[in-house]
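I have placed the structure first, in the form of structure tokens, so that the comments after it can refer back to it.
The values are calculated or read from the model by the stated rules, or taken from the named source; none is laboratory data. Owing to the predicted nature of the structure, the values given are computational and were not obtained by experimental measurement. Every residue, glycine among them, receives a Cβ derived from its backbone with ideal geometry; neighbour counts consider all protein chains shown.
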Amino acid sequence: MNILKITTKKHFREGIFIFISVLGAFALESYRESILQIKLKDKLLKQLTVMIAEDISQLNEVHKKLDLTLDSAGILIDDFLSKDQKLNQEVLAKKFSDLRFMNLSFFPQYGIYNQLLTSNGLENIKDEKLKKELVYLYENLLKRMQAADPVLDEMRWKTYLSLSSQIVVFSSNSEQKQKQVSDFPQFEHKVDYYYISEDYYDSMDVLNFYNQITLYINQYKTGLNNVESALQSALLLIEYELN
């Protein structure tokens, strides 16, 4: 009987030892996996900061082009309404050509954010505010901005077509390329051919077109400012998360 008890206790201790060993191995593996996931999350967040900085730089270039369009639209409106000397037709054609940037789109990068989603990196972010900021930025704000682009493109070209009886301008890039400082084309722009009808200054469609451009660009720039603000906020929160 004593031998049986001793054997039973021995097997019990061995079973407990094996159970604890297996449990410890699982715990160690789980801890190791957790560390790897955190390292991957931090790596992706560092890459995201680079991507966001690139997007902010792209936004700045878009703003510059839109400001050029706004300035040209303002000059064209003032010229249209002026009772005094009108713009030289070549200058008018050049300013009209500048309006080609009126619907210049911003193309954000989603790659790293998508990797955060698929790798559960987003769930491993400690700061709840950062989680919410990233989801709002990439799932709401940016997609809302992009959803409007096709509609606005169609509106723009329909409006251009409606003005074809009043003004037509053909332009191209000059052979001399400016110093490349961004991903945006930096060619000098020149007008190759233009046609401005005698009824140009009598057409209210022309004036309405310039006015609509001004309203649209100001509204679009407000949206871009909101995007830039969200990107800057995300950068600060990521820096806090990593440190």
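Given the criterion at pLDDT below 95, under 23 Å from Ser164 (Cβ atoms) and among the aromatic types (Phe, Trp, Tyr), identify the matching residue among Phe101, Phe107. Even if it seems obvious, please write down each step before you answer.
Values: Phe107 fails: under 23 Å from Ser164 (Cβ atoms).
Of the residues listed, the single one that is at pLDDT below 95, under 23 Å from Ser164 (Cβ atoms) and among the aromatic types (Phe, Trp, Tyr) is Phe101.
Considering Ile52, Ile77, which residue is farther than 30 Å from Gln166 by Cα and either acidic (Asp, Glu) or surrounded by 14 or more Cβ atoms within 10 Å (Cβ to Cβ) (or both)? Give the derivation first.
Details: Ile77 fails: farther than 30 Å from Gln166 by Cα.
One residue alone meets the criteria, Ile52.
Tell me whether the range 67-86 contains one or more residues that are in a helix (DSSP H, G or I), within 19 Å of Met145 (Cα to Cα), touching a helix residue (DSSP H, G or I) at 6+ places or on another chain (Cβ under 6 Å) and not charged (D, E, K, R). Let's see the steps before the verdict.
Of all residues in the range 67-86, those in a helix (DSSP H, G or I) come to 67-81.
Restricting the remaining residues to those that are within 19 Å of Met145 (Cα to Cα) gives 67.
Still in the list and also touching a helix residue (DSSP H, G or I) at 6+ places or on another chain (Cβ under 6 Å): none.
Checked the range 67-86: no residue is in a helix (DSSP H, G or I), within 19 Å of Met145 (Cα to Cα), touching a helix residue (DSSP H, G or I) at 6+ places or on another chain (Cβ under 6 Å) and not charged (D, E, K, R).
If you go through the range 95-111 one residue at a time, do you hit one that is touching a residue at least 12 places away in the same chain (Cβ under 8 Å), in a helix (DSSP H, G or I) and closer than 23 Å to Asn226 by Cβ? Write out each step before concluding.
Going through the range 95-111, the residues touching a residue at least 12 places away in the same chain (Cβ under 8 Å) turn out to be 95-111.
Keeping just the survivors that are in a helix (DSSP H, G or I) gives 95-101, 111.
When the remaining residues are screened for being closer than 23 Å to Asn226 by Cβ, the result is 101, 111.
Yes: the range 95-111 contains one or more residues that are touching a residue at least 12 places away in the same chain (Cβ under 8 Å), in a helix (DSSP H, G or I) and closer than 23 Å to Asn226 by Cβ.
Let me spell it out: the conditions are (1) free of Cβ contacts under 8 Å to residues at least 40 places away in the same chain; (2) outside any helix (DSSP H, G or I); (3) surrounded by 13 or more Cβ atoms within 10 Å (Cβ to Cβ); (4) not β-branched (Val, Ile, Thr), and Asn124 meets all of them except one. Which number is the exception?
The single condition Asn124 does not satisfy is (1).
Out of Lys86, Lys94, Lys158, Lys131, which single residue is basic (Lys, Arg), over 30 Å from Ala53 (Cβ atoms) and surrounded by 14 or more Cβ atoms within 10 Å (Cβ to Cβ)? Let's see the steps before the verdict.
Numbers: Lys86 fails: surrounded by 14 or more Cβ atoms within 10 Å (Cβ to Cβ); Lys158 fails: surrounded by 14 or more Cβ atoms within 10 Å (Cβ to Cβ); Lys131 fails: over 30 Å from Ala53 (Cβ atoms).
Just one listed residue meets the conditions, Lys94.
So Val135 ticks every box in (1) within 15 Å of Leu231 (Cα to Cα); (2) in a helix (DSSP H, G or I); (3) touching a residue at least 60 places away in the same chain (Cβ under 8 Å) but one. Which box is left unticked?
Looking at each condition in turn, Val135 falls short on (3).
Across the range 55-71, which residue is surrounded by the most Cβ atoms within 10 Å (Cβ to Cβ) among those that are under 25 Å from Tyr113 (Cβ atoms) and among the β-branched types (Val, Ile, Thr)?
Filtering the range 55-71 for residues that are under 25 Å from Tyr113 (Cβ atoms) and among the β-branched types (Val, Ile, Thr), the one surrounded by the most Cβ atoms within 10 Å (Cβ to Cβ) comes out as Val62.
Can you find a residue in the range 52-70 that is over 22 Å from Tyr220 (Cα atoms) and among the aliphatic types (A, V, I, L, M)? Write out each step before concluding.
So the first thing to find is which residues in the range 52-70 are over 22 Å from Tyr220 (Cα atoms), and the list is none.
The answer is no; no qualifying residue exists.
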